[in-house]
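I have placed the structure first, in the form of structure tokens, so that the comments after it can refer back to it.
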Number of protein chains: 2
Amino acid sequence: MKIIEGGVTASQGFQASGVYAGIKKNRKDMALVYSSVPAKGAGTFTTNVVKAAPVIWDMKITKESQYVQAVVLNSGVANACTGAEGDKNNELMAEAVAKALNIPINSVYTASTGVIGKQMPIDVIVKGVSLLAGELKPGLGAGAQAAEAIMTTDTYPKECAVSFVIDGKEVKLGGMAKGSGMIHPNMATMLAVITTDLAISKELLQEALSEDVKHSFNMISVDRDTSTNDSLLILANGLAGNKEITEKNDDYDAFCKALNYVTTNLAKKIAADGEGATKLLEVQVIGVKSEEDAISISKSIITSNLVKSAVFGNDANWGRILCAMGYSGARFDPDKVDLYIESADGKLKLVENGLGTDYSEEYASKLLSGKEVKVTVDLKSGNATATAWGCDLTYDYVKINADYRS
Amino acid sequence: MKIIEGGVTASQGFQASGVYAGIKKNRKDMALVYSSVPAKGAGTFTTNVVKAAPVIWDMKITKESQYVQAVVLNSGVANACTGAEGDKNNELMAEAVAKALNIPINSVYTASTGVIGKQMPIDVIVKGVSLLAGELKPGLGAGAQAAEAIMTTDTYPKECAVSFVIDGKEVKLGGMAKGSGMIHPNMATMLAVITTDLAISKELLQEALSEDVKHSFNMISVDRDTSTNDSLLILANGLAGNKEITEKNDDYDAFCKALNYVTTNLAKKIAADGEGATKLLEVQVIGVKSEEDAISISKSIITSNLVKSAVFGNDANWGRILCAMGYSGARFDPDKVDLYIESADGKLKLVENGLGTDYSEEYASKLLSGKEVKVTVDLKSGNATATAWGCDLTYDYVKINADYRS
């Protein structure tokens, strides 16, 4: 596997565009991803009971359509809590894409992000779709435009791509994603689109995605708020020319590995660019009895406001980490816990067998001031592990969310 | 039932003191509550797997001792994650109280709050106990001193007391509590001590307390962090002279009602004085199929960082409330939800049948700027209800917790 430039247009046959349609003020607000040939589609979606109109639409497409060919996305308005009018507007958005690209409406995925409870400005959206269709282009620049157009409070666009060899053919896989608040994915993340020119059956594509998300997007959290709009979509158009993957063989494993690189990379970018965040917090839990416990403990730590505030303040207040582990729901022996912190400047053991070591607070604070801080917790009770990613809690998180709509 | 002045010394036979022992800098840091006669004791404690030494001690006392007579408390150091040395220090603290007051060591409850992972300065503590014993006094002033001494980041002491009539006798019941971070009680709260001169069996005292806490302390949250030290203790010394309550009759109900008034009052004070908070947020969920769902939904709303930030910014971003309801784990029909906000200035319907009403943003913002904001959510699907209390998320919460230890 090789890491390459680009995102949704890295793979053969994919085009994209990103435009300013007029939903937001003076910022790109709509994006389109298009495959020149019909592609297999799969998706995972929010588990929130309150589901946005595009989520309901995409779940239906994923279930019923053999092929998909386009994904249209908008930022600025989430089309959630909008009732029958919201469903109708979502269909009109898909229909506009189908007409402009001359493809069936049931091959068009939709995705929206922004304020909940506002109706879509449908005239603006439909006009935006024709702009998008006119701007569609292959090449990395076009993918970057699309990644920029789906940003809300993100401070930078998020793209990632890799290439790998299957059946003697070079296959590419790339994607884009957006954060950066209301991020606590549960079976998917806010918005992410992955494209690949791999040939694979629809069933295995879905299975690979559903399995992958447990270890990538579902392991990040910015604020423990599971969105109404979480959607992770993947399109595989087969243009790489490999023999279609129809069983779980070595080729399938190679694809899963490539997929996991891209999804984890995008997920970490979302965590690092969480609203107001100044650093990425990675928490690895090792030596655990079961993976379920390892996941519970790692997510409990990265979502604790007290841990996140301490990390912001470069304060090695490890008691808060043990506290967060203790209310995670997992059972473990506190007297066996070892705990380390690590960043570019080095690594330090703060806790041994549940008790604080005689560490230097000054050095600990220096390590915590890094842009990427890693906490490793060793329960010394088994072989299961898990890694989760989050960010610090800052004044700016509060500021951004105290006046999000203004 | 009558609301009266005072806290832990409101009931007959109770004395208290609060002193500066030297654990913290220039602030009272130890408190003692004493019953002149042996009292029935009951308690509920944190469900955190990581339990502080005093919690483990108190759980044993509650289970094994027929009578308790004193509660000693300190702030500044939590005696959690302190291993065998922590257990020993806790025992030395209890022993010092037992000697000073000439009572059995197994009739002494202990409670600690403060930084996790630091060992107790046991010499300072033992000296503090003799100061406390010397200062013990009946009367409301002494109770206030004790309430002040258990504060950490609290901005004011928390006391409440009531009187009621049982079996022709006037019974009093009062308590004190402290917050104000790491507050997401699960079967108890950070530290609270209730005293009463009621005569009641130990079994019913425990049952009343365990039942009550589900609707009082367990319904508040400041930061979704369940502490390692949560302890709610109650002492009933029987000096009111009523015939001992030994069954669930009208007298028992009257006691439960009085208890609930005091616990709910103290719990609300903790929520309103949450770290950095500028206002109390009350969330009432009505028309729910089951009480379990009502509790899940109300707690999900008060713990959402996005809801809390919006409340801080006086932003009626009701979509975030529906979003938090949606990931609460409860099943419900979003299309039936009505939602109101209310404060001293009036009441406003923001959502009807899942859709935004045509409300005035300006008036909504005015209501949200009140010191006490109430949100009512009506699911129109049943008769169960629940009420939870929290606070807004502010810059000061982050500030306090970014440099808590410095």
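The values are calculated or read from the model by the stated rules, or taken from the named source; none is laboratory data. The shown structure was predicted, so the numbers you read here are calculated from the model rather than taken from an experiment. Neighbour counts are summed over all protein chains in view; Cβ atoms, including those assigned to glycine, are modelled from backbone coordinates with ideal geometry. The protein model used for the area step is the full one, side chains on, heavy atoms only, and it has no ligands, DNA or RNA in it. Shrake-Rupley method; radii C 1.70, N 1.55, O 1.52, S 1.80 Å.
Do we find a residue being open to solvent by less than 20 Å² (accessible area, probe 1.4 Å) and among the aromatic types (Phe, Trp, Tyr) anywhere in segment A:394-401?
Scanning segment A:394-401, I find at least one residue that is open to solvent by less than 20 Å² (accessible area, probe 1.4 Å) and among the aromatic types (Phe, Trp, Tyr), so the answer is yes.
Okay, residues lined up against (1) in contact with a Leu (Cβ under 6 Å, 6 or more places away or on another chain); (2) assigned to a loop (DSSP other than H, G, I, E, B):
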| position | (1), (2) |
| --- | --- |
| B:Val8 | no, yes |
| B:Ser17 | yes, no |
| B:Gly22 | no, yes |
| B:Lys28 | no, yes |
| B:Ala31 | yes, no |
| B:Ser36 | no, no |
| B:Ala42 | yes, no |
| B:Ile56 | no, no |
| B:Met59 | no, no |
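Can you name the condition, by its number, that B:Ala324 falls short on among (1) open to solvent by 10 Å² or more (accessible area, probe 1.4 Å); (2) within 14 Å of chain A (Cβ to nearest Cβ)?
Single failed check for B:Ala324: (1).
For segment A:287-301, indicate whether the set of residues that are more than 27 Å from the chain's Cα centre (by Cα) and either under 15 Å from A:Leu393 (Cα atoms) or within 7 Å of chain B (Cβ to nearest Cβ) (or both) is non-empty.
No, the conditions are met nowhere in segment A:287-301.
From (1) within 8 Å of another protein chain (Cβ to nearest Cβ); (2) in a loop (DSSP other than H, G, I, E, B); (3) among the aliphatic types (A, V, I, L, M), pick out the condition that doesn't hold for A:Ala316.
The one condition A:Ala316 does not meet is (1).
In the list A:Asp123, A:Asp154, which residue meets the criterion of being in contact with a Gly (Cβ under 6 Å, 6 or more places away or on another chain) and farther than 24 Å from A:Leu239 by Cα?
A:Asp154
Could you list, in sequence order, the residues of segment A:99-116 that are surrounded by 24 or more Cβ atoms within 10 Å (Cβ to Cβ) and either assigned to a helix (DSSP H, G or I) or within 14 Å of chain B (Cβ to nearest Cβ) (or both)?
If the condition is that a residue be surrounded by 24 or more Cβ atoms within 10 Å (Cβ to Cβ) and either assigned to a helix (DSSP H, G or I) or within 14 Å of chain B (Cβ to nearest Cβ) (or both), then A:Ser112, A:Thr113, A:Ile116 are the ones that fit.
Which of the residues that make up segment A:44-54 are touching a Gly at 6+ places or on another chain (Cβ under 8 Å) and either within 20 Å of A:Ala133 (Cα to Cα) or in a helix (DSSP H, G or I) (or both)?
Scanning segment A:44-54 gives a single hit, A:Ala53.
From B:Lys269, B:Lys366, B:Lys371, B:Lys349, grab the single residue that is more than 13 Å from every other protein chain (Cβ to nearest Cβ) and without any contact (Cβ under 8 Å) to a residue 12 or more places away in the chain.
Just a single option satisfies the conditions, and that option is B:Lys349.
Here's a check for you: in segment A:251-280, which residue that is within 15 Å of A:Lys172 (Cα to Cα) and of a type in the set (Gly, Ala, Ser) is most open to solvent (accessible area, probe 1.4 Å)?
That would be A:Ala254.
Conditions: (1) in contact with a helix residue (DSSP H, G or I) (Cβ under 7 Å, 6 or more places away or on another chain); (2) assigned to a helix (DSSP H, G or I); (3) farther than 28 Å from B:Pro138 by Cα. B:Ala96 meets all but one. Number of the miss?
The number of the failed condition is (3).
Kindly indicate which of A:Asp333, A:Asp396 is within 14 Å of chain B (Cβ to nearest Cβ), over 23 Å from the mean Cα position of the chain (by Cα) and of a type in the set (D, E, K, R).
Residue meeting the stated conditions: A:Asp333.
Within 14 Å of chain A (Cβ to nearest Cβ), open to solvent by 30 Å² or more (accessible area, probe 1.4 Å) and modelled with pLDDT of 95 or more: is that true of B:Lys88 in this structure?
yes
Confirm whether B:Thr62 is touching a residue at least 12 places away in the same chain (Cβ under 8 Å), β-branched (Val, Ile, Thr) and open to solvent by 10 Å² or more (accessible area, probe 1.4 Å).
Against the criterion (touching a residue at least 12 places away in the same chain (Cβ under 8 Å), β-branched (Val, Ile, Thr) and open to solvent by 10 Å² or more (accessible area, probe 1.4 Å)), B:Thr62 qualifies.
Against the condition open to solvent by less than 30 Å² (accessible area, probe 1.4 Å) and either of a type outside the set (Ser, Thr, Tyr) or over 23 Å from A:Thr264 (Cα atoms) (or both), how does A:Pro54 come out, does it pass?
yes
Give me the residue from segment B:223-250 that is of a type in the set (A, V, I, L, M) and either open to solvent by less than 20 Å² (accessible area, probe 1.4 Å) or within 14 Å of chain A (Cβ to nearest Cβ) (or both) and, out of that set, nearest to B:Lys51 (Cα to Cα).
Looking at the filtered set, the residue picked out is B:Leu232.
Could you please give the count of residues in segment B:120-147 that are touching a helix residue (DSSP H, G or I) at 6+ places or on another chain (Cβ under 6 Å) and closer than 26 Å to B:Asp403 by Cβ?
Summing the residues that are touching a helix residue (DSSP H, G or I) at 6+ places or on another chain (Cβ under 6 Å) and closer than 26 Å to B:Asp403 by Cβ in segment B:120-147 gives 2.
Within segment B:289-302, work out how many residues are over 15 Å from B:Leu322 (Cβ atoms) and either open to solvent by less than 10 Å² (accessible area, probe 1.4 Å) or part of a loop (DSSP other than H, G, I, E, B) (or both).
Residues in segment B:289-302 being over 15 Å from B:Leu322 (Cβ atoms) and either open to solvent by less than 10 Å² (accessible area, probe 1.4 Å) or part of a loop (DSSP other than H, G, I, E, B) (or both): 3 in total.
Evaluate the following for B:Lys25: is it surrounded by fewer than 24 Cβ atoms within 10 Å (Cβ to Cβ) and either over 14 Å from B:Thr196 (Cβ atoms) or among the charged types (D, E, K, R) (or both)?
yes
Among (1) part of a loop (DSSP other than H, G, I, E, B); (2) within 17 Å of the chain's Cα centre (by Cα); (3) under 22 Å from B:Cys160 (Cα atoms), where does B:Leu239 come up short?
Result: B:Leu239 passes all but (2).
If we scan segment B:41-49, do we find a residue that is buried (at least 24 other Cβ atoms within 10 Å of the Cβ), modelled with pLDDT of 90 or more and over 17 Å from B:Leu209 (Cα atoms)?
no
Only one of these is at pLDDT below 95, assigned by TED's automatic domain parsing to the domain that holds B:Thr226 and buried (at least 24 other Cβ atoms within 10 Å of the Cβ): B:Ala78, B:Ala31. Name it.
B:Ala78
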